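One structure is given below, encoded as structure tokens.
The values are calculated or read from the model by the stated rules, or taken from the named source; none is laboratory data. Computed from a predicted structure; not experimentally measured. Using ideal geometry, Cβ is built from the backbone for each residue, glycine included, and neighbour counts are taken over all protein chains shown.
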Amino acid sequence: MTEKDNDVLQEKMVDEELLTAFFAPSRHMQMADGGFTGRVMRRIPETMPVRQRLAYSLWTLLCTAACLAVFFVTDGVALLKESFGSILGSVSAAVSQTVAKVDLSALLPASLPENALYTAPLMVVGLLTVIGFVGLYGIMQSE
């Protein structure tokens, strides 16, 4: 393991110890409910019977199969493509309208070509996109 992995593991151990110490007093707390909580907890089985686990698994499989069947029967792939295409089209239209409204002629020297007015906002959008993806990558790596 690297030093970074050791530091992360140490921090997790410290966090676990802090949580355990914080909740330790509530572990032995008794509720004034006439013993109802204790009776309920004694009646809860330690493990689930095999038949019940099988029934839950079959029910989950049946519901999943039904959902997938409805998804494909209603042509869900085309609906998803249409929805995401519509969303992306709306976002790109909003961005292009916003970028078109930005007037950078006062900020640019007069010697630049005309297409520089459109290139600068696109570079800013590209830069912000890259920074956003780098930030997301950093967040995903830190977890």
Within the stretch 108-143, which residues are among the hydrophobic types (A, V, I, L, M, F, W, C), over 30 Å from Lys12 (Cα atoms) and either modelled with pLDDT under 65 or under 20 Å from the mean Cα position of the chain (by Cα) (or both)?
Leu108, Ala110, Leu112, Ala116, Leu117, Ala120, Val130
How many residues, within the stretch 72-95, are under 23 Å from the mean Cα position of the chain (by Cα) and more than 29 Å from Gly126 (Cα to Cα)?
3
Answer with yes or no whether Ser105 is modelled with pLDDT of 80 or more and surrounded by 10 or more Cβ atoms within 10 Å (Cβ to Cβ).
no
Please go through the stretch 38-79 and pick out each residue that is more than 30 Å from Arg27 (Cβ to Cβ) and of a type in the set (Asp, Glu).
Asp75
The condition of being more than 26 Å from the chain's Cα centre (by Cα) and aliphatic (A, V, I, L, M) holds, among Ala55, Ala65, only for Ala55
